[in-house]
1. Can you give the local net charge around A:TRP510? Use residues other than it whose beta-carbon is closer than 12 angstrom to its beta-carbon, Lys and Arg +1, Asp and Glu -1.
2. Treat each spin label as a single point 7 Å out from the Cα along the C-beta direction, and report the B:ARG80 to A:LEU655 distance in nm.
3. To the nearest 20 debye, what charge dipole does the protein assembly as shown have about its Cα centre, counting +1 at the Cβ of each Lys and Arg and -1 at the Cβ of each Asp and Glu?
4. Across the Cα atoms of the protein assembly as shown, what radius of gyration and what greatest pairwise Cα-Cα distance (Dmax) are found, in Å?
5. So how much accessible surface do A and B hide from each other in total, probe 1.4 Å, in square angstrom to the nearest 100?
6. What number do you get for the range A:617-682 when its Cα radius of gyration is normalised by 2.2 N^0.38 Å, N = residues?
7. Helix A:514-526 versus the longest principal axis of chain A: what angle, 0 to 90°, nearest 10, using Cα atoms?
8. Among A:SER667, A:HIS693, A:PRO718, whose Cα lies farthest out toward the positive end of the dipole of the range A:667-732, if unit charges sit on the beta carbon of Lys, Arg (+1) and Asp, Glu (-1)?
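The values are calculated or read from the model by the stated rules, or taken from the named source; none is laboratory data. The shown structure was predicted, so the numbers you read here are calculated from the model rather than taken from an experiment. Every residue, glycine among them, receives a Cβ derived from its backbone with ideal geometry; neighbour counts consider all protein chains shown. Accessible surface areas use protein heavy atoms only, side chains included; no ligands, DNA or RNA. Shrake-Rupley method; radii C 1.70, N 1.55, O 1.52, S 1.80 Å.
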Protein chains: 2
Amino acid sequence: MCRVLPLAGGENGKEFCKPSPRMPEPPVLGTSRLQRALDIQPRNPETGDERLTSGLEENSHPTRSRVVIERMAPEIDGGRFPIKRVEGDEVVVTADIFADGHDLLTAVLRYRRQGEAPWREVPMQEVGNDRWCGRFTVGAPGLYEYTLQAWVDHFKSWRRDLAKRIESGQDVSADLLIGAQLVEEGCRRAGGADAMALEAGAGKIRALARAQSDAGDGAAAGSNAAASRAEEARRVLDEEVAPLLGKHPDRRFAAVSKNPLVVSVDRTQARFSAWYEMFPRSAAAEAGRHGTLRDCEERLGYVAGMGFDVLYLPPIHPIGRIHRKGKNNNPVAGPEDVGSPWAVGAAEGGHKTIHPQLGSLEDFRRLLAKCRDYGLEIALDLAYQCAPDHPYVSAHPEWFRHRPDGSVQYAENPPKKYEDIYPFDFDTDAWRELWEELRSVALFWIDEGVRIFRVDNPHTKPFQFWEWLIGGIKAAYPDVLFLAEAFTRPKVMYGLAKLGFTHSYTYFAWRNTKWELTQYFTELAQTPVREFFRPHLWPNTPDILTETLQYGGRPAFMARLVLAATLGANYGIYGPAFELCENRALEPGREEYLDAEKYQLRHRDLSAADSLRDFITRVNICRRQSAALQSDANLRFHNVDNEQLMAFTKATDSLSEVDLVVVNLDSNYTQSGWVQLPLGELGLDEQQPYQAHDLLTDARYLWNGARNFVELNPRVCPAHIFRLRRRVRTERDFDTFL
Amino acid sequence: MCRVLPLAGGENGKEFCKPSPRMPEPPVLGTSRLQRALDIQPRNPETGDERLTSGLEENSHPTRSRVVIERMAPEIDGGRFPIKRVEGDEVVVTADIFADGHDLLTAVLRYRRQGEAPWREVPMQEVGNDRWCGRFTVGAPGLYEYTLQAWVDHFKSWRRDLAKRIESGQDVSADLLIGAQLVEEGCRRAGGADAMALEAGAGKIRALARAQSDAGDGAAAGSNAAASRAEEARRVLDEEVAPLLGKHPDRRFAAVSKNPLVVSVDRTQARFSAWYEMFPRSAAAEAGRHGTLRDCEERLGYVAGMGFDVLYLPPIHPIGRIHRKGKNNNPVAGPEDVGSPWAVGAAEGGHKTIHPQLGSLEDFRRLLAKCRDYGLEIALDLAYQCAPDHPYVSAHPEWFRHRPDGSVQYAENPPKKYEDIYPFDFDTDAWRELWEELRSVALFWIDEGVRIFRVDNPHTKPFQFWEWLIGGIKAAYPDVLFLAEAFTRPKVMYGLAKLGFTHSYTYFAWRNTKWELTQYFTELAQTPVREFFRPHLWPNTPDILTETLQYGGRPAFMARLVLAATLGANYGIYGPAFELCENRALEPGREEYLDAEKYQLRHRDLSAADSLRDFITRVNICRRQSAALQSDANLRFHNVDNEQLMAFTKATDSLSEVDLVVVNLDSNYTQSGWVQLPLGELGLDEQQPYQAHDLLTDARYLWNGARNFVELNPRVCPAHIFRLRRRVRTERDFDTFL
């Protein structure tokens, strides 16, 4: 028979008929005692193998909680990894929470800074279909934990039922007595002043029950007197009892979510940054001279002036001489060749030494201090590999693998050989010493004041090494950021992000069509990936000159810059190659730069007339003016009836700022089309005109309705960055109108 | 610098330069020893709180495995609940498996019957994007476990690299020596005959290395002699070494998936069954007499003849007299009123007693035996609740909740009261005795030979009670099936299914439009829900006479029958109300039957001319002839350009059978439209005609291409059940054609 429902109410019901109101604590039974209690003997001694005892150990009754907490979110791999946030962010936690029957539940979200006591607690709300939601705000960088607790709330259930009974005119005298008992149990949990107040409340309820009962069994139900008693009961419950009882709920049988989940909180720069990558050795004012860290100081105004806030330097350490590469990756270097800075280490020193041609440690400290004056931070490169003449190679041969002839194993991707690079053997028997030494490299620079590292090729070192290194360092220095430079398979990139990297290079460079960009950034922004993977977008790097840039000319550089800077709250360029639109490849079909700065000095005219410097400055100003563009959340793509035009919005949670970016992906031709916006979801009024204010050009357009026309000439500017403003002034805004 | 890749190969590389080939076992370090090993002192004694030690405990290096196993599927709530299968089913297991770097991996799927040793093992294959797949077949009912193991395969990586080196004409003498060492390490793992064969192989590889080396450093590379040596190396590796070494992989650093996941395997009837629900007391041949179990025997031919295989009987126990309900749920019963069988228990006995008016336990045994002759199984009703005069009430007042006046608390859904039903208090202090007694009820009937239970309102009893009861019983009796009769919120229904119910009632009765049916059954068949929730479809029950049936007449009964019987491999009807198209409701807007059998005897003419008996028989024959319809997998909906026509296919995995069902949802008018099928995915040839054979009517249609016309007159038959046959005979099939 369906729909025959049992009495609302749960664990305490049995108390109703007992003389002593004091409820004994329930026995806490271990699995084995429970099992003994529940075991029954085999039913058929003939077939002795059919014992009911066999399955009981797994199926014993672990707790007396009736509540189930499931599908908690956000949660990464069952809590194996933390989610990421920055200071001041809100964490919105949801879960399926339900129990058997029809009792009402109460659920709370508990959170704290890891290692701190006590937990703070906020109530959760049911948002439909047994899904509950709560939220809390994280503070200073570090680790936070959150967990859920939920229980059957007998008092809440009783009140709901009481209201229904009163509404249908039933005699509720017995029900009031049940409620009074629930309140009295609350007294005992409360103690102190609350207990006294609750006891008074219980007394009033009992008095009402007596009055109702005295008025006759149901006869008076529905009468005026009964109605006024009901009203009084409601008032006592609402005003005197419920708020106090809510402070002292019966949590003995509360369900608790599994192990606390963790939030890794970074400083704000983890969410929003603009990086400028630059080779210090090319910073000399005169052509042909090896640049120095002192020369870099002169460049800071230029970089900061464009609106960048992180200056990323490729490795600044001594460069190996053995097997040094010449210009354009020539396997034989000439005596003047400067080598690749990623071939770290030489007689002068290794990862903790400044390349003498760049200057001294003192120079580095000066540069760091100067950067601060310009609002710039320095990001250093952690390239955990050695040139053959790195001091580690002779001091610690056990940190490297060896070939059968006794030589050290160089890096390879068969059949290619990279004889100028010795990878570390992370699995060496001396792994503990090696790992610790590698960590000490990062700590050395942290000690000097560096707080950002760009990590070279992390995907070729064990995951556990990074988890250990980053976890340990961030526990002591929560403000340190690590950018993972891994261009590899998706699962590996996500794996590195999960285990602790602050942000990650992406496939952005190779996502060029509307379909590709929409697919990829939808995955990054609208799936659980966004909880752990912070994209860092680079239109170029010293290794990557994409075909789009090679063949698209200045319009392609402009379009890709706007895409990087608006699709990604974190982005960077490799300059001055980027702003000067350098686009000559080593050979057709390759993405390598001709005369790549990796292997030689380069001298450029930064004041070239066609430099994108002013355009980049403008784009970075747009980013600084827009809270919406400073986050990767709330990215949504919109329909344009032209495959060469793409449109997307970013909006703040409150919709106080809605920015619409439209980009012409065609570097050659003017393209036009109709952009379709879901106005309601963007907080815009279908019936009112609204303003599209192009933050790039300061042009203002008056738009109406969901579909509006755009046209972009790539030779002029291939993009709009519109601020959509809800309200446009009309005659009604004049005081004199009415 | 990106794309500088380290040497392929991992843990054993360090062996290459050591004189002793015997590798010591790596120390197994506990977390705390590791932590001591890795700890470093605080760097700034002034700011003593910034200690690097703080984060290390969590971030210590737990294993030396480099492999990550993630997102294993199928997996329910992180392994908290088993997936469901029936005997002979294949379990297809997938997971993301990857490591740092570019080494090749080997992964295996391990499985066993729970509690049995040893594990069996099958290799997994990579299926793209670091996703791996393996499969195994489960046997007899019971619990099975599966887990994954994966490791970096240095030998496989070495062979891949060797092939690339040979292809590019490199001198591989040193590489061959490295390979010989890997083979020799395999010898030591192998022992016995395999070891001797591997040693011989290693010797051959060393000889080839010497020959290559003697031929001169790279000079001979690319020569004929080098090519023949390469060919010989390939042969030795392929034929003599690889198969043997594959038997003895180096698993010391293998990664293992988390706790083994569990499969709950049922007998085949759990996947495919047709139930017939019938009130025994209405089985009398003559009107007005109370039917008996003996009368039921006479009905078996009728039921089995229609093709049903489960006969489900509402509770057959004594019916309470206190507060007994009269006809049409009248709160006052007359002396002749028979009461609701769900008001279990009276002076004659309770849940282990047969209602005397139905007969004796001996009669029940006879009925059970007779059923077997007809290929029918009996399903009994487990209704864990009591009439007020149930013997439990006086013998065990502590199993019930009491009101302040000392009376037992009846069932309620305020403001409604069900005074003829006392629910058990599952949270009573005497819960262990209560739970055990309730289990003994099921065991009593199991002892009598019953193997199927339909469980009444399981959602009003604690989840943990069911998990304990079902888990314990199935451990001893793996062939017992439990059908959950819960019509409640989705999460609760899924929760009950997860914790062990074999199948579950669904919302089918209230899903009537094409959109509703498509949404709901897509959720059930194509999401992870299908791993644990087996839908059991009922167009009607004694409680549910939907408006569709009330107003749609015979065509609606036919359409709903076909939908239930083909959308669900498990389905049932409540008869003879269903086949006789009884559709009079108690009052407009309610789903209650008029003169409901729940409260009174009913006598019907089973031979009525308009009975659906023959139609039902035909539908059940279709089901028995179709392996595709005997499973809920591979359900796919297809487009029809008419909202009143719905079309879906079910196909076997091999596509050996593809059945297309088309139903007219409009009970009043003939509807026609074009059905669009994805022929390629159904194994049909776009270029060839194919046959649509209506299994209901035996009509055969020749169809061409993806779009075909259907027309259904509900007054004749509102459905097609087509078998699609790939090949149609043509002139080319005649021997004389060529």
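1. Net local charge, A:TRP510 excluded: -1.
2. 3.5
3. 80
4. Looking at the protein assembly as shown, its Cα Rg and Dmax stand at 38.1, 116 Å.
5. 11100
6. Dividing the Cα radius of gyration by 2.2 N^0.38 Å gives 1.19.
7. Helix A:514-526 and the main axis of chain A meet at about 50 degrees.
8. A:HIS693
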